[in-house]
Each structure stands twice: as C-alpha cells, then as structure tokens.
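> Below is a structure I'd like to ask you about.
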Amino acid sequence: MDFTFSPEHIALRRMIREFAENEVAPIAAEIDRDHQVPMETMRKLGQVGLLGVCFPQEYGGMGAGEMGYCILMEEINRVCTSTGTNVGAHIGIGAMAIYLDGNDEQKRRYLIPLARGEQFAAFGLTESGAGSDAAAIRTRAVREGDSWILDGGKVFITNGGYADVVTVMAVTDPALGARGGITAFIVETDWEGFKVAREEDKMGIRGTSTAELVFEELRVPHENVLGKVGEGFVTFMKSLDMGRLTLGAACIGGAEMALESAVRWAKTRRQFGAELASKQAIQWKIADIATELEALRSLVYRVAWLVDTGQPFGQLAAMCKLYGSEVASRAIDIALQIHGGLGFSRDFPLERGFRDARIGEIYEGTSEVQRIVIASNIFREHGVRIRP
Amino acid sequence: MRIIVILGRVLDPSGIVVKGSAGRIFVNREEYLIQPADACALEAALRIKDGMAAEVVALPRSPLPDDDILRQAIARGADRAIYLTGPALKAADEAAMTGVLTAAIERLGGADLVLIGSTTLDTGQGQLGLRLAEALGGAQITGAWQVSSADGQVQAVLQRNGRYVAVEADPPVVVTLLPGALKLRYPDGVRLINVYRGVGEVGDALEAWDAADLVDEAALTPLVESRGKEFAPERERGVRASGTPAEMAQAAADALRQRMRR
Amino acid sequence: MDFTFSEEQEMFRAMFRDFSAKEIAPQAEELDHEEKPALGALRKAAQQGFLGATLPEEYFGAELDYTSYAMLIETLAADSVSTAVTLATHVSLVAMSILNHGTPEQREEWLPLLAAGEVIGAFALTEPDAGSDVQAVATRATPDGDQVTLDGVKTWVANGEIAGLFLVFAQGAEGMDAYLVPQDTPGLTVGYREPTLGLRSATFNTLYLEGCRVSEANRLGQPGEGGSIAQQAQDRMAVALAAAGLGVSENAIQVAAQYATERVQFGVPIAQKQAIQGYIAEAKIEVEALRYLVYHAAWLVDQRGDYGFDASVVKAFGARVARSVTNRMVQVMGGYGYMEDYPMARKYRDARALHIIGGPTELHDFQIAQRIFADLDMDIAP
Ligand SMILES: Cc1cc2nc3c(=O)[nH]c(=O)nc-3n(C[C@H](O)[C@H](O)[C@H](O)COP(=O)(O)OP(=O)(O)OC[C@H]3O[C@@H](n4cnc5c(N)ncnc54)[C@H](O)[C@@H]3O)c2cc1C
Ligand SMILES: Cc1cc2nc3c(=O)[nH]c(=O)nc-3n(C[C@H](O)[C@H](O)[C@H](O)COP(=O)(O)OP(=O)(O)OC[C@H]3O[C@@H](n4cnc5c(N)ncnc54)[C@H](O)[C@@H]3O)c2cc1C
C-alpha cells in the first residue's frame, strides 16, 4: 500500500489552493448575499484548465483523473460551497454523463467546450413527482423521424438557469420504465421549446442556480441521444455514482474549513480568564471533528484511487456521500457553536457554512437513498433483493 | 528573442508560525514558493512572450535540492528550464552562481534579456542580477515595475524619486524586478500535469545539467566563507497596558519615564 | 401529582392558538425574509394582554401563571420563534425583573407601559468580552451626586431597535448593578444590527453607552445586586426559551408528518417508510420528554423557590431537541425542506439559535455539573 499523493497531484492541489484563496474565497460571502452565480470565476476556472480536471487531454481536459477531481472539489469547497456546487453539477454529473457514455463525436462537440469552461452543463433528472424515485419521471420523448420531441419538465436543476447544455433523462417507452424505457439526451438550452421557468430561493448554496426547466415540443436530433436508446437510466446512475464520490470530497473541504476556523477562534477567544482552547468541552469537539475528517479523507481518496484504477466503487461512493455529508454538517455545527453569538452572525463564514452544509444530506440522493443503496448491495450478496 | 529567467525558492510563510514566547519557529507545512520578486520576473517574461516570438528559459538562482520550482515555471508557460546539479554546486555563493549561470547561458546560445527578482524574501539577497549583468557584459536595469520589448530593444518602467520613468536599452540586458510588481499567472492545468508526469509537449522541457560540465571546480569555490552565526542582543520586553484608554495612556507614560531615568 | 391542565389553562391555550394562527402565522415568512419585527402583531398581542402576560392585574397585566405563559411562548414559537423570543425578552427578562426587584415607584412607572406594549423592553448584559463569562462585564456605573454615568458597549441586545426601555448591567462600586435606562436617555445609542442566521424577524443590536446619565433612582435592586438579578432573569428566560424550542419542534413534526402523508415516492406516501416513521417517532419522543420538563420548570418558577438547576436542564435539553428535531424534519421534506418558500428551512435556522441565546449550552452543562458536584462538597470552575 502507498498512501502518498503523486507529485502531479501535490502540484495540482497547490495550484488549486492558490486559485481558491485568490479568486474564490474573496467572493464567497458576496455571491451568497447577492444570490449570484460567480460566472466570471467559473470562466477563469475553465481558462486555467480546472474544469477539465478529470477528462482526458484529447477532449480538452487535464487528465488528472478522479483523484485530481476530488482534490479540486475539496479545495474549492474549503472556501466556498456555492462555487463547489456549481463546479460539481457542471463537471461531476452534467459533463460526466457525456464523458461516460457519449460517443466520440458528442465528446468533441460538447465535452471540449465544457472542459474549457466555454460552456456549462447541468444534469436534468429530478422532477416534481420524481425525487428519490428517479425512475418515476414523466418527461416524454417521442421519436419523429430523425428527431425526438421532448415534453415535460425538471425541477431543482443546479446550473439550470445558465447552462448551455443539459443532459436530460426522458421516458421513451412507458411500458418498459427504468429497464429499457428511459433515454438520456443532450439538450442545448437555446433550442426552441426549452424554458427556464423559475429560480428557487434556497436556505443555502445561494451562489448557485437551482432552476425549474420546462420542455415544450423541444426537438432534439437523434444524434444527441446519449448512450443507447432505452439505457438512459444506467447512464444517469453511473454519473451519480461518480457524483457521490466527489460530493464526499467536497465535504472534506467543508469540514476542513470548519475545523480550521474553530481552532483559530478557540485559540483567540478568551472567557473566564483563559483561551477557549484550554477547556475540555472545546478540545473534545475539536478532537471529534478532526477524527471524523481523517476517516472521511481516507475513504474518499481510496475510492478515487479505485475509480482511477478501474475497480468497482459504487458501494463505497454511496458511503462517501452519506458519511461525508454528515461529517461536514457536524463539523460546521460544532465550529458555529465554538464561535458563540458570532457564529450566529452573517458577518462570519460559519453561518453561511451552516446553511450550505445542510444540502449535502439532500441532493444527489438523500442520506436515506444512500442507505438503501448500501444495504441493498450488502443484502444482494446474501441473495436478498431489497426494494426501496 | 531568448529570455532567461532566474528563479529561487523560499519557504511558504503561510505554513510557518512564529511563537515569540517559546522563542521558536514552527513549520506546519513545508512548502516552497518561487521567490516573490523572481515570480514577477517570470511573469514579465511570459507577458513578453504573449506578445511576440520568444523563448523563455528558467534557471535557478542558487543550488536547489529539487527541481520543483522549475517545473512550476514550465507549468506557468516557460518553454524550458535547466536544473543545475552537482556536488560542487552545494556551497556555491553568488559569485560562483554567476559563473555557472553565465556558462549555462552561453551554452544555451546567449540571452537577449535576463530577468531576475531584485531581492529575495528570506535573505534579502540582491547581488545576483548585478553580477550577471557585469559577467554577461550587457546593460542593466534595476528595480523595474514593468518590462517590455519592441523594435529590438528592451523597455522598462522604474520608479525614481516618487515618479515613474521609462528606460530603454539594447540587448543583452539584465533587468531586476521589484517584488509585487506583477502578479504571477496560474499554471496551465495540462502543462502542470504533464510536466510533473514528464509527458506530452512539455515532457522534455526540463533538463538537468551538471555544473562541473559548465565551469571548472576552481570557479565554484565560494568567495564567502561562513564561520558561524551571531544574533543581535535580545531586546527588552515591552510593557502591556490594559484598562480604560486613560489608564493605558498613564501606564505607557510611566513606562517611558522609567526607561528615560535609566 | 396531577399532570392535567386546568380548564382555564386549556382555555388559554385555545386562545393563544387562535391568536397565533390569525396574527402571527400569516406574515411570519414574509417578515422573516424582510427581516422586520412583527410590530403589528405585537400591538395586537398587547391588546390581548400578552405583553404583560405574567404581570399582576394592578399593572394591567394578564396575571398568567408561568405555565400558561410557557404555553403562550410555545404556541407563538410554533409559528414564529422570532416573535416568541421578542415577547419572552420583554416579559421574562425585563418586566418580571422590575416586578420582582423594582421599588413601588419603578413598578408604577414602567409595568403598565410594558403591559400595554407602549414600551418594549430589552436586556443588555452581553459585551464583546463578556459572553459566557458574565462577571467580565466592563461597562461602568460611575456615581455623580444622585446621578450615575454609564459607559460601555453591549452586544446582541434583543429588541434593541424596538425597545423603549433597556435593563443595563454595569459594574458599580459594590459589584454589578442593574439600571433601567429609557431609550431617549442622552448618551444611549442603539447601533449595529446583527445580520443573523435565524430569528430574522427579531432585532439584535449593539448598544453604546457614552456618558449616559440616569438618576440613582433608576437602579433596580440594591447596589451590587445586578449579578443576582441577571441570573434570575436568565433562569426565567431559560424556561421560556425551552418552551420556544418545544413549540418550534412540535410544529416542525406536524408540518413534516403532514408532508409525509402527501408525498408519494416509489408508489407510496413516504410515511409508509420506516426511515421516515423512525425520524418522526424519535422526534416525538424527544418532544414529549421536553414538554414535561418545560411545564415542570414553569411550575417551579411559580413556586418561587430556587430553580436555577432545572432552568439549565430544560434550556440545554430544549436547545438539543429543537436542533435535532428541525434537522430531521428538514430531511423528511427532502429538497423542499431546503427551500425558503417552505417554512421548514426557517424553523431549522431559528432553532439553531437556542444553543447560544440565553447562554450557550456548554455554560448550562457547566451549571448543571456545578450543582451536582456542590452537593458532593466540591467546587468546580468553568
Ligand atoms: C439545491 C438542490 C440542487 C439540486 N440539484 C439537482 C440537479 O442538478 N439535478 C437533479 O436532477 N436533481 C437535483 N436536485 C434534486 C435532488 O436530487 C432531490 O431533491 C433529491 O433526490 C430528493 O428528492 P426530493 O426532494 O423529491 O425528496 P423525496 O424523494 O420526496 O424525499 C423526501 C424524504 O423521503 C425520503 N425517502 C424517499 N423515499 C424513501 C424510501 N424509499 N425509503 C426511505 N426514505 C425515503 C427521502 O430520503 C427524504 O428524506 C437538487 C435538489 C436541491 C435541493
Ligand atoms: C440570537 C441571540 C440573541 C441574544 N440576545 C441577547 C440579549 O437579549 N441580551 C444579552 O445580554 N445577550 C444576548 N445574547 C448574547 C448571548 O447571551 C451570548 O452570545 C452568549 O452568552 C454566549 O456568549 P458569546 O457569544 O460571547 O460566546 P463565548 O462566551 O465566547 O463562548 C463561545 C463558545 O465557547 C464556549 N465556552 C465559553 N466558556 C467556556 C468554558 N469555560 N468551558 C467550555 N466552553 C466554554 C461557549 O459555550 C460557546 O460555545 C444573544 C445571543 C444570540 C445569538
């Protein structure tokens, strides 16, 4: 076993940290307050190559693998969860679906500008009646000659308000359902029939766009079918597996930020004639966050290594997301508490961190869905099939 | 146009905590950066290259234990970098480095422009640029904010007596840059990964040259010999005042009075 | 023991519910988003006598027992924790301090105004360097004939922007003193409003006292009695805050449970899933335990004994329950729990305050342990 990062990944982390501290950290509070997607920063991320971090160089990427992408997610989320979420929806699930199942032509046409940050992607799965139960989607796609006509809509789509490309899952054969009846499409948002119907007002990650999308007789050429007709569900589930891992990486960043600020404050703040750091009630909290953080870090990077070495990882990716989101929430909660009244103030980043962290247990499959995935994998090995 | 950039490294100050009460420096994270003023020199070189055909070659300012900052330079856009090695180089001072660098530049086919930081962050070292200018026999411009090149000449902007002045010289020119003059660009992701992996377009951009092949041993003998360290006498501790502003002012006045009496 | 509520108490509860549903609930969300205090509702609350809830009738109070008052706070918090905190600050921290420690003149002067809502009360104890450590209060009270000059800075003063009367704690010659300082006293400035995570329809301000002169007659209690006045007020407040925690938790369960019956995934309402059932059941267990702690502590307040220990217990538990219940109920609502146009996100943000406001949970933990070890003849320091 070798638990060291390669020189290129160490150099990559330093590059990302430099970028994050200089370009992302300074805008984090502002984009939360103003409910703004940091477009300029997103573009800059693309210019230096970071939005293609995990894609091959032939498709405009950096070729740093899933390991590199996890490093990106950790470092960006350490300073700003909103920007981290924008990046995650763009690369981790949106573009990832095209990378995983797109043909060469689709990758050249779409993946290259996405990897360079010249265009942005979103991942369109959830509908108002289909959240955890993704197979319950209703958006319909009907074949008409060389095209498909899409009707329906999606809710809660991150990047939906500004994306250029959305990977959309639609029903192509209602009789077959998730097994053979659902197809993935690459949709360009300036096509006629595509509409952004609404932007959500959220508790946290307010520097992201969460949009409702409506499709009315949206004509998609047949060449934009992603993967095979009828196999869209598999494409989306594969993308989500990758997304779950990298959400775990994002949570390392959130928990790190919490730990760093808790330590900083505990050594500065004096009450009862001594630094908070001298009190066991505080020390125990710090020790707990640090321990969970290390456990999470080990899990996430191990799974990244599994992905990069072509080994199965789905079960562990679900654990990354489940455990990571809970660790990040706990860490932020503790850090906020150590700040006392100031933790409750929007003038300090803990408050934002607290609102932001809460999303981790909800999106890209709730904690309950992760537990269902994990338990059914275990029971399957014992010959028991579990229904959600 | 061939531009030589001379780079040094320094321990990242953000990874260090100085604890006065313990009389110690704690190194939490041992990471090295390109010397801030040298980073400006690199950026100046890359900006010239952005606008015209130019080759940017990075060389080390002093013996380096590894080639990391040279890879960093390539990741950020330098075409080549030469890592100078050899046991004889270990103790090299500015005079010896001047000899080695001059020979290296010669082997590269000479330079039109040499860019280097005017000073180092840790040791305050500022001789190397001047020595190089002398050794290469060209013009020198010290303490520049900006450098550019047009019409076969090198232009620079300096600050003299509170005013900005533009100067111009014929190549070869050595220009030293002030720290903070320019913000060094981010690495390019693809170059970064490839230069560390040693693949692709930048795969052989980094070369290692043995100093012994460049100059004879005598030239590497340092002029300066270190015979030990001595520190300035410890200063008296200050006085900490607390209470209302009036009380603090009183305490400060009392302390001053006492000190004057002594 | 008798765990039933009196007929009168049941009647009050119905009345509170009615009031809250009509006056608080409809605008709670909007006021939270606009970060505005519920001034209209407070005026209506005054008409109902709620702003003098526990004050005797001679001061135009409603003369409620503390249990009924706890019910009032609980009920209001179900719809708006901000308004519950505003009212509890006014009644538990300010009005009842005057009632318990004031001279007849002070009571005559202030209690009818507070009961009528013509004056809103605020409680100024915390300072930048004195949060958990109340003894570190640095605001000074300097005597000057029959006047006293107050100098210092107070932070996190609830109701700061809407208050007419501030109960200010300052160090005097014999220890901590408490002063009643009307809002229009020269030298008193209400400053910076904290932008907060939750409780956004309540205001928390910095208070500047610069050469602020009040009459000696404005001192509440004896010289040096301020520390004890503050502690008693904080104990009463602790019970009220726990009641607020109870209210917001109960309501969160109701809202989420209702949602779980309507939200269909995998072909069935999510209420059919054991994960959801488990969340609701665990939350309910905590809420029921909290309920009896709250009413017991409220009853103790009326017994006028020393209930400091019970106040810490109920406050610490109330904070924990509110935090964990709202957290789970957000989860039950999935993505909708994260949206600001559903009430759950607000409850979640509001509930987080309870671990800090009224003294952080670590401080209550300490006070609880302190009592236990004191019984074993051992002194412990925070
Ligand atoms: C800010 C934000 C961004 C998002 N971005 C995207 C995006 O980019 N693309 C996209 O496609 N979607 C996106 N989503 C949607 C997100 O993935 C869903 O919200 C999530 O999958 C949960 O679905 P739901 O909200 O409908 O909750 P529901 O599925 O209704 O779940 C409600 C509750 O019931 C539980 N539950 C459901 N079924 C079961 C069961 N069988 N057993 C036990 N418990 C169960 C859930 O865990 C949850 O606690 C986003 C959501 C948010 C809030
Ligand atoms: C919404 C809100 C409303 C408020 N309203 C009012 C008001 O109306 N009037 C008023 O006077 N004040 C008010 N406060 C202030 C509140 O009482 C203080 O914030 C609280 O007492 C904590 O003080 P602090 O913020 O200075 O935190 P600190 O005292 O600095 O504490 C920071 C952290 O360290 C912990 N800690 C401190 N000492 C120890 C120790 N010895 N051992 C272990 N842990 C320790 C604390 O528990 C906390 O977690 C309000 C606060 C909030 C958030």
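> Go through the residues of segment A:255-274 one by one and say whether even a single one is within 16 Å of ligand 1 (Cβ to nearest atom) and part of a loop (DSSP other than H, G, I, E, B).
no
> Sticking with this structure for a sec: Go through (1) crowded, with 18+ Cβ neighbours inside 10 Å; (2) in contact with a helix residue (DSSP H, G or I) (Cβ under 8 Å, 6 or more places away or on another chain); (3) of a type outside the set (D, E); (4) under 20 Å from C:T185 (Cα atoms) and name the single condition C:Q147 misses.
Unmet condition: (1).
> For segment B:10-90, which strands (runs of 3 or more DSSP E) that fit wholly inside it have 2 or more residues that are buried (at least 18 other Cβ atoms within 10 Å of the Cβ)?
Ranges flagged: B:32-34, B:55-60, B:80-85.
> Then there's this: In the set C:R371, C:R323, which member is away from every other protein chain (no Cβ under 12 Å), among the basic types (K, R), open to solvent by 30 Å² or more (accessible area, probe 1.4 Å) and away from ligand 2 (no atom under 13 Å from the Cβ)?
The unique qualifying residue is C:R371.
> Right, next: Would you pick out the residues in segment B:233-250 that are part of a loop (DSSP other than H, G, I, E, B), surrounded by 10 or more Cβ atoms within 10 Å (Cβ to Cβ) and polar (S, T, N, Q)?
Answer for segment B:233-250, where residues must be part of a loop (DSSP other than H, G, I, E, B), surrounded by 10 or more Cβ atoms within 10 Å (Cβ to Cβ) and polar (S, T, N, Q): just B:T244.
> Does any residue of segment C:221-228 turn out to be surrounded by fewer than 23 Cβ atoms within 10 Å (Cβ to Cβ) and assigned to a strand (DSSP E or B)?
No, that holds for no residue.
> Another question, then. Within 11 Å of chain C (Cβ to nearest Cβ) and modelled with pLDDT of 95 or more, is that true of A:G340?
yes
> Of the residues that sit in segment A:6-28 and are without any contact (Cβ under 8 Å) to a residue 24 or more places away in the chain and either open to solvent by 60 Å² or more (accessible area, probe 1.4 Å) or on the phi > 0 side of the Ramachandran plot (or both), which one is nearest to the other protein chains (Cβ to nearest Cβ)?
A:P7
> Something else now. I need the full set of residues from segment C:334-357 which are in a loop (DSSP other than H, G, I, E, B) and either farther than 20 Å from A:F156 by Cβ or more than 9 Å from chain A (Cβ to nearest Cβ) (or both), in order please.
Of everything in segment C:334-357, those that are in a loop (DSSP other than H, G, I, E, B) and either farther than 20 Å from A:F156 by Cβ or more than 9 Å from chain A (Cβ to nearest Cβ) (or both) turn out to be C:Y342, C:I356, C:I357.
> Output the residue which, of all residues in segment A:47-72 that are open to solvent by 10 Å² or more (accessible area, probe 1.4 Å) and assigned to a helix (DSSP H, G or I), is nearest to ligand 2 (Cβ to nearest atom).
A:M67
> Condition first: within 11 Å of another protein chain (Cβ to nearest Cβ), surrounded by fewer than 24 Cβ atoms within 10 Å (Cβ to Cβ), touching a residue at least 60 places away in the same chain (Cβ under 8 Å) and at positive phi. Can you find one or more residues in segment A:29-46 that meet it?
yes
> Might you let me know whether segment A:363-381 holds any residue that is surrounded by 19 or more Cβ atoms within 10 Å (Cβ to Cβ), hydrophobic (A, V, I, L, M, F, W, C) and more than 16 Å from ligand 1 (Cβ to nearest atom)?
Within segment A:363-381, not a single residue is surrounded by 19 or more Cβ atoms within 10 Å (Cβ to Cβ), hydrophobic (A, V, I, L, M, F, W, C) and more than 16 Å from ligand 1 (Cβ to nearest atom).
> Another question, then. Which of the following residues is of a type in the set (A, V, I, L, M, F, W, C), more than 16 Å from ligand 2 (Cβ to nearest atom) and modelled with pLDDT of 95 or more: A:A331, A:A335, A:A357?
A:A357
> Looking only at segment A:148-167, count every residue that is closer than 17 Å to A:I98 by Cβ and part of a loop (DSSP other than H, G, I, E, B) and tell me the total.
Residues meeting the conditions: 4.
> Taking into account only those residues within segment A:198-218 that are at the interface with chain C (Cβ under 9 Å from one of its Cβ atoms) and either more than 18 Å from the chain's Cα centre (by Cα) or over 16 Å from A:E30 (Cβ atoms) (or both), which is surrounded by the most Cβ atoms within 10 Å (Cβ to Cβ)?
Top of the filtered list is A:T210.
> What residue, among those in segment C:131-143 that are buried (at least 16 other Cβ atoms within 10 Å of the Cβ) and more than 8 Å from chain A (Cβ to nearest Cβ), is nearest to C:I229 (Cα to Cα)?
Step by step, filter segment C:131-143, then rank; the result is C:V134.
> Something else about it: Can you say whether C:I285 is more than 9 Å from ligand 1 (Cβ to nearest atom) and open to solvent by 40 Å² or more (accessible area, probe 1.4 Å), as far as the supplied structure shows?
yes
> Determine the pairs where a residue that is on the phi > 0 side of the Ramachandran plot, located within segment C:19-39, has a partner that is open to solvent by less than 40 Å² (accessible area, probe 1.4 Å) with Cβ atoms under 6 Å apart, the partner being 6 or more residues away or on another chain.
Matching pairs, first to second residue: C:E35/C:R200.
The values are calculated or read from the model by the stated rules, or taken from the named source; none is laboratory data. Just so it is clear, the model here is predicted, and its values are computed rather than measured. Reconstructed Cβ throughout: ideal geometry from the backbone, glycine too, with neighbour counts over all protein chains shown. Please note that ligands, DNA and RNA were not included when accessible areas were found on the heavy atoms of the full protein model with its side chains. Shrake-Rupley method; radii C 1.70, N 1.55, O 1.52, S 1.80 Å.
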